[in-house]
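Just below is one structure, and these are the notes that go with it.
The values are calculated or read from the model by the stated rules, or taken from the named source; none is laboratory data. Computed from a prediction, not measured in an experiment: that's the story for all the values here. Backbone-built Cβ (ideal geometry, glycine too); neighbour counts: all protein chains shown. For accessibility, only protein heavy atoms count, side chains too; no ligands or nucleic acids. Shrake-Rupley method; radii C 1.70, N 1.55, O 1.52, S 1.80 Å.
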Amino acid sequence: MSHTVLVCDDAIFMRTMIGDILTQAGFSIVGEAETGREAVEKYKQLKPDLVTMDIVMPDMGGIEAVREICKTDPDAKILMCSAMGQQALVVEAVQAGAKDFVVKPFQPSRVLEAVQRILG
Amino acid sequence: MMDRSRYAALFLSESREHLNLCNQLLLEWERDPKASEPVTGIFRAMHTLKGMAGAMGFTNLTELAHRTETLLDILRSAPGASIEFHDLLFRVVDALEAGVSQAVAGGDEQLDFRALLAELDDVSNSSPATGSWAVDTRARVEEPVGPEPGRVVRVAIRSDAPMRGARALIALRRAESLGRVTAVRPAPAGFEHEEFDGRFSFRLESESADHAVVEAIGSVGDVASVSFGEEAASTSAGATSAATGRSRQIRVDLARLDSLMNQVGELVVAKGRLAELITADGSPELQAVSARIGRVVGEMQTEVIQARMTPVWQVFDRFPRVVRDLSRQLGKRIAFQVEGEEIELDRALLDEIGDPLLHLLRNAVDHGIEPPTERKQQGKPPEGRIVLSASRDRSAVAIQVSDDGRGIDRARILAKAIKEGVVDKGTASLTDDQLLRVLARPGFSTATNVTDVSGRGVGMDAVVSRLRGLGGSLQFESTVGQGTTFTLRIPSTLAILRALLARVGSERYAVPLASVAETVEYVSSAVVSLHGKEALVLRDLVIPTVHLRERVGAEGARPPGRPPTLILEVGGQRAALVVDALVGQQEVVVEAFDGPSGMLPIFSGATILGDGEPVLILDPAALV
C-alpha cells in the first residue's frame, strides 16, 4: 500500500509540484492544506504517513503547525519545505519536531531522499 | 514541468555518480582490505541507489542494490573480505551500471539478476551473521556494552549541503535516539550561524555498535563522515567528502549548454558584422553602442565557456577500474596513479578525449608494462607503474600517460615499417615524429601477438585523427627498457578560436593564432633547398615551406609583391606557410566539421565569418 501524504503550502504551484514529485514516486496525496490551521485539522482527520509543510503560511505558520501536530502525535513525520536563507526557521521547526527538510527550488531527488529518510 | 524524463535523467546521472564512486571505493578497498571507510561508502552508495531505484519504481534494480547492501552490512562487521567478494562486487556494480541504463529505457522488468543474487546469497550465508539490515535493534540485543560508557562522535555535514546547521541538528536528534548525548561542540545554538562549517562532535553514551551509530547518523542525509575519537575525523572525512563534496553544481542538460554556446557564437558573429558596418558609416553614438554590445557579448562568451568547463576526473574516474581489469586479465601487476584530476576542460572536448586516453592506457598496460617475471629479470620492481596526469599548459591542457615499461623498440618498428613499405628501404632510423606517424597508420601494429585488448593497429591512428580534429596534438618520448610517455595536448576550450585570416586565390582560410609564431615576408634570397625540399632561412632556423596555393590548388595568378608567410609552430615543429595576403585577425566560432572523404587532411574545422561566408580552418599540426 502506498504511503499517504498531506501537502501543506499556500501556493497552488508548490502544492502541485510537490504533489507531482510524490505522486510519481508512488505516494498518494490524501489532502492539501493552505494554512497552518487547516494543516493541523487535516492531520487529525486524515492521519497521513507524511506531511510536507511550508514554513510561511497565513493563519498559523508552518512551525506553529508542527508544534500543534506533534502535541497530539509526537511521531508525526513532517518534512519542512523551506526557501534558501530560512535556516533559523528550519532549526526552529526541527526543534519543534519536524523530522527533515528540503530547500526550494526542489530537486525531486532531494525531496524523495528526504522522504525516504523520514519514512525509513 | 516535472515530467518523467526529467526524473529519468536525474536518476541516470546520479546513479552513475554513485556507481562510479563504488568503483573507486572498491579499488580503495582492494588495496587496503582492512579499511572500513570504503565499505561504509559503498554501503551508503548502494543504499542511495536502492532508494533512487525504488523511487523510480525499478524493482529489479532495487532488489539487487538492496541485497548488495545487506551483504555489505555483513562484511562491515566482518572485515577483511576476500578477493572473490571484490570481484563479485565489481560485477554487481557492472550489472547495476548496465541495468540503470536499461531500466531508464523502460526495461527494468527484463533485467535478470538471478545469478548475481544467488551468488550474493551464497556469500551472505557463508558469512557469520554478526550484522544485519536492521542493525540498530539487533546490535543492542547482541552486542555487549562497550568497555567505555561514552564515545566521542565526530560528524561532518557535506560542505555543499544546503542549511548545514539544520542538517546537523537533525543528525544530533538522530544520535539522541541512540542514547545520551552530551558535550556537543560547537553548541547547537551556534548551528544556525552562517559560519558554521558543518563539523561538530559530541559524546554519546549508547549501547549501539560503532557501525550502527555511523549508519544511523549517516542516514539523516548530507552527512560526509561520521567517525569516532578525538582525531580520526579529518582522515575519514577526507576519504568520503573528497568523493561526494566536490560537485557543488547544478545539473544542466548538456544540450542546453550547447544550444546556448551556439547562440552566443552567432551573437559573436553578428557582433563582428555590426562592428564592421558601423566602422564603415556610423555615428559616434552608434559606435559607442556597438562597442558596448561587443563588451557584453565578450563577457557572455567567457561565462558560457566557463560554464562548460568540466573537471577531467569525470572522465578519469573510470580508468582505474579499466586498468585494474586489464592488468588482471593480462597477468600484470600495475600501480595506477592519477594526477591533476581537478584540471578543467570544455565538456565537449572531455567527452572526446575519453576514447583516445583509453587507447593509450590500454597500450600502456598491454604493450608497455612487462609481465612481472620479465620485469624481475631486468632488475625492475615486479609491479609496473602507469601515471595519468593532467596539467595546464598555457591555454591548452596537457594530458600525459606514462609507463615504466619496455619502451618503444625503434629497431623493430623500423624493420616492420620497411617491410610494409611505409618508409624507404635505405632509411637508417626514424625520427619521433615519423615513428608516431608510422605507429598511427591504420593497420600498423607492432604487437608481436595481437591480444583482444589492443594491438589491432587501429588504436594510435584513432587517437591521432581524433586529436587533430580537436585542434590537439600527440607527442611521445620513449626510452627502451625504461618506459614511454605520451603527451596529448588539447585546447582547453573548443568553441571559440582566435584566428588569423589569410587569402589564397579567391578563398580565405583561418589559421589558429595560437600556432602562429610570427609572420614574415617570403623573400627568394632566403630560400634554400633542404634535402631537395624548399625551406626558408629565418635567423638561425631553416624552416620547410608550405605553399598554400599549391596545397589547395588555387587558380589564377599570385598577386605581385612578396607574399606574406606565417611561421607555424606546433610542439617544437615549424613550417613556413606561404599565402597570398593576410586579411586580418578575428575570433571565429568553430563549427562541427565532418570533412568529406578525400578532402585534404589539412583542415580541422570550419567557421562562418561576420559577412556570412564560410571559411575552412587550417590544422597547423598537419602542416608542420
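Annotations
- Filter result for A:Pro74 (farther than 13 Å from A:Asp100 by Cα and within 14 Å of chain B (Cβ to nearest Cβ)): yes
- Any hit, segment A:5-15, residues being touching a helix residue (DSSP H, G or I) at 6+ places or on another chain (Cβ under 7 Å), at negative phi and surrounded by fewer than 17 Cβ atoms within 10 Å (Cβ to Cβ): no
- Filter pass, B:Leu326 being open to solvent by less than 30 Å² (accessible area, probe 1.4 Å), under 17 Å from B:Ala390 (Cα atoms) and either assigned to a loop (DSSP other than H, G, I, E, B) or at pLDDT below 90 (or both): no
- Taking first residues from segment B:572-586 that are within 17 Å of B:Pro560 (Cα to Cα) and assigned by TED's automatic domain parsing to the domain that holds B:Tyr509 and partners that are open to solvent by 10 Å² or more (accessible area, probe 1.4 Å) and of a type in the set (Phe, Trp, Tyr), the Cβ contacts under 8 Å between residues at least 6 apart in sequence or on separate chains come to B:Val578/B:Tyr522; B:Val579/B:Tyr509.
- Residue in segment B:383-392 that is touching a residue at least 24 places away in the same chain (Cβ under 8 Å), among the aliphatic types (A, V, I, L, M), surrounded by fewer than 19 Cβ atoms within 10 Å (Cβ to Cβ) and touching a strand residue (DSSP E or B) at 6+ places or on another chain (Cβ under 8 Å) present: yes
- The set of residues from segment B:344-374 being open to solvent by less than 10 Å² (accessible area, probe 1.4 Å), more than 20 Å from B:Asp409 (Cβ to Cβ) and either not in a helix (DSSP H, G or I) or not assigned by TED's automatic domain parsing to the domain that holds B:Val480 (or both) comprises B:Leu345, B:Asp346.
- Here A:Val66, A:Val111, A:Val94, A:Val102 are screened, and the one residue that is assigned to a helix (DSSP H, G or I) and over 22 Å from A:Glu41 (Cα atoms) is A:Val111.
- When segment B:165-185 is limited to residues that are outside any strand (DSSP E or B) and open to solvent by 60 Å² or more (accessible area, probe 1.4 Å), the one that is nearest to the other protein chains (Cβ to nearest Cβ) turns out to be B:Arg173.
- Residue-level analysis places B:Leu75 among those that are farther than 21 Å from A:Val115 by Cα, at pLDDT below 80, open to solvent by less than 30 Å² (accessible area, probe 1.4 Å) and not in a loop (DSSP other than H, G, I, E, B).
- Yes/no for B:Phe336 being aromatic (Phe, Trp, Tyr), closer than 12 Å to B:Val365 by Cβ and at pLDDT below 90: no
- Annotation for segment A:26-35: at least one member residue is more than 19 Å from A:Val111 (Cβ to Cβ) and either surrounded by fewer than 20 Cβ atoms within 10 Å (Cβ to Cβ) or among the hydroxyl-bearing types (Ser, Thr, Tyr) (or both).
- For segment A:69-91, a residue qualifies if it is open to solvent by less than 10 Å² (accessible area, probe 1.4 Å) and not in a loop (DSSP other than H, G, I, E, B), and the qualifying residues are A:Ile69, A:Ile78, A:Leu79, A:Met80, A:Cys81, A:Ser82, A:Val90, A:Val91.
- Only a single criterion out of (1) assigned to a helix (DSSP H, G or I); (2) open to solvent by 20 Å² or more (accessible area, probe 1.4 Å); (3) modelled with pLDDT under 85 is not satisfied by B:Ala53, namely (2).
- A single entry from B:Phe11, B:Phe43 fulfils the requirement of being within 12 Å of another protein chain (Cβ to nearest Cβ) and either of a type in the set (A, V, I, L, M) or assigned to a helix (DSSP H, G or I) (or both): B:Phe11.
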